[in-house]
Amino acid sequence: MPVTTVTTIAELRDRLDAARAAEQRVGFVPTMGFLHEGHASLMRAARAETDVVVTSIFVNPLQFAPHEDLDAYPRDLAGDAALAEDNGVDLLFVPSGGEMYPGRMRTSVSVGEVAAPLEGHSRPTHFDGVATVVTKLFAIVGPCRAYFGEKDFQQLAVVRTMVRDLSIPVEVVGCPTVREADGLAMSSRNAYLTPEQRAASPVVHRALRTGVAAIEAGATDPAEVRAAMAALIDAEPLAELDYAEVVDAATLAVPDPLEGTLRLLVAARFGAARLIDNVGASVGATAEAASTEGSST
Ligand code: PAF
């Protein structure tokens, strides 16, 4: 079926209300476009589990700080429409800035401590922007299953918290990170990497695996796991470490000693590209409770 592009909130609501009235389940994949295999995996999950699949493409200005890459953010609407169609998307919602934010935004959604560390520390206004636009998109799309990648692990935690706190009628589904063959997590921002930086970038995943290996070897001191990961990034001349951390997967607080279901997260700059990635691990918890990439000791 060809994908149908919708640009107004009113038309999208009409179509999705009609689908729900006909007892069809709505699947929603929110994106900022420049779609890749990671997004495609979310679309295929939505296609398999729901009846009408909608993907939004909106580069949300609220989640970029003034010095960040809003204007440079890569865009390819024709390529995005083709990828969406190939992966079973029915409706592509591509609102203009004016459609989403017709006037000055006075309302902002803040999610509290889950948004504060890690990305929240490095990008202090980022998660308010994400939570605000996702709340708005959920209000537009209505009751649905919404699919998010685990690659943005903290974003997923922020969205889950917000949905629970505000009783938003959306079921949030987290999907595994999709990687290149050498371990680099797929991201639209990988487009910023020069060939040399691209060649160096798998060090992020190697650092995470090193952290997991330290936990598997019995490390329960978070500082030891942090140092093991940071050493790899610091040894790569093209990479500049932002953070390497190990946290409780549910609260994002740092347990000391490490215990339960954990998430290891790294953020590093490679020139203009800031890459983030994460993997799961566990100490004394069931292996299933951690991610498929995780470990258990
Ligand atoms: O993950 C993204 O692409 C964005 O943060 C999202 C969820 C579409 C909100 O703008």
Next on the checklist: Can you give the local net charge around Leu252? Use residues other than it whose beta-carbon is closer than 12 angstrom to its beta-carbon, Lys and Arg +1, Asp and Glu -1.
Outcome noted: -2
Checklist outcome for this item: segment 78-202 accessible area per residue, 1.4 Å probe, protein heavy atoms, integer Å², reads 42
Checklist entry - Could you give the Stokes-Einstein D for the chain in µm² per second, using the C-alpha Kirkwood radius, 10 °C, 1.306 mPa s? => result 80
Checklist outcome for this item: In whole percent, the fraction of accessible protein surface over segment 1-147 that belongs to carbon or sulfur atoms, probe radius 1.4 Å, stands at 54
Item to check | For segment 115-183 versus segment 222-259, the gap between their alpha-carbon centres in whole angstrom | outcome: 22
Checklist outcome for this item: Measure of exposure for Glu259: accessible area at 1.4 Å probe, Å² rounded to 10, is 100
Next on the checklist: Explain nothing, just the number: dipole magnitude of segment 152-297 about its Cα centre with +1 on each Lys and Arg Cβ and -1 on each Asp and Glu Cβ, in debye rounded to the nearest 20.
Outcome noted: 360
Next on the checklist: Under the √(5λ) rule applied to the eigenvalues of the Cα gyration tensor, what semi-axes describe the equivalent ellipsoid of segment 69-186? Give them in Å, descending.
Outcome noted: 23, 20, 17
Item to check | Cα-derived Rg over Rh, computed across segment 82-132 with Rh taken as Kirkwood radius | outcome: 1.14
Checklist entry - What number comes out for the charge environment of Ser122, summing +1 per Lys or Arg and -1 per Asp or Glu over other residues with Cβ under 13 Å away? => result -2
Checklist entry - If you count, for each residue, the other Cβ atoms within 10 Å and average over each peptide, how do 29-40, 218-229 line up from highest to lowest? => result 29-40, 218-229
Checklist entry - What is the local net charge at Glu37, summed over the other residues whose Cβ is closer than 12 Å to its Cβ (Lys, Arg +1; Asp, Glu -1)? => result +1
Checklist outcome for this item: Computed about the Cα centre, the charge dipole of the chain from +1 Lys/Arg and -1 Asp/Glu charges at the Cβ has a magnitude in debye, to the nearest 20, of 580
Item to check | Mean ellipticity per residue at 222 nm, deg cm²/dmol - from DSSP H runs of n ≥ 4 across the chain, formula -39500 (n - 2.57) | outcome: -10500 deg cm²/dmol
Next on the checklist: Order 275-283, 103-111 from most to least packed using the mean count of other Cβ atoms within 10 Å.
Outcome noted: 275-283, 103-111
Checklist outcome for this item: So the carbon and sulfur contribution to the accessible area of segment 241-283, 1.4 Å probe, in percent, is 53
Next on the checklist: Explain nothing, just the number: relative contact order of segment 27-132, from Cα pairs under 8 Å at least 6 residues apart, as a whole percent.
Outcome noted: 31
Checklist outcome for this item: Hydrodynamic calc, segment 1-85: Kirkwood Rh from Cα pairs, then Stokes-Einstein at 20 °C with viscosity 1.002 mPa s, so D in µm² s⁻¹ is 151
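The values are calculated or read from the model by the stated rules, or taken from the named source; none is laboratory data. Being a predicted model, the structure only gives us computed values, none of them experimental. Cβ: placed from backbone, ideal geometry, glycine included. Neighbour counts: every protein chain shown. When the accessible area is computed, the model is the full protein with side chains, heavy atoms only, and any ligands, DNA or RNA have been set aside. Shrake-Rupley method; radii C 1.70, N 1.55, O 1.52, S 1.80 Å.
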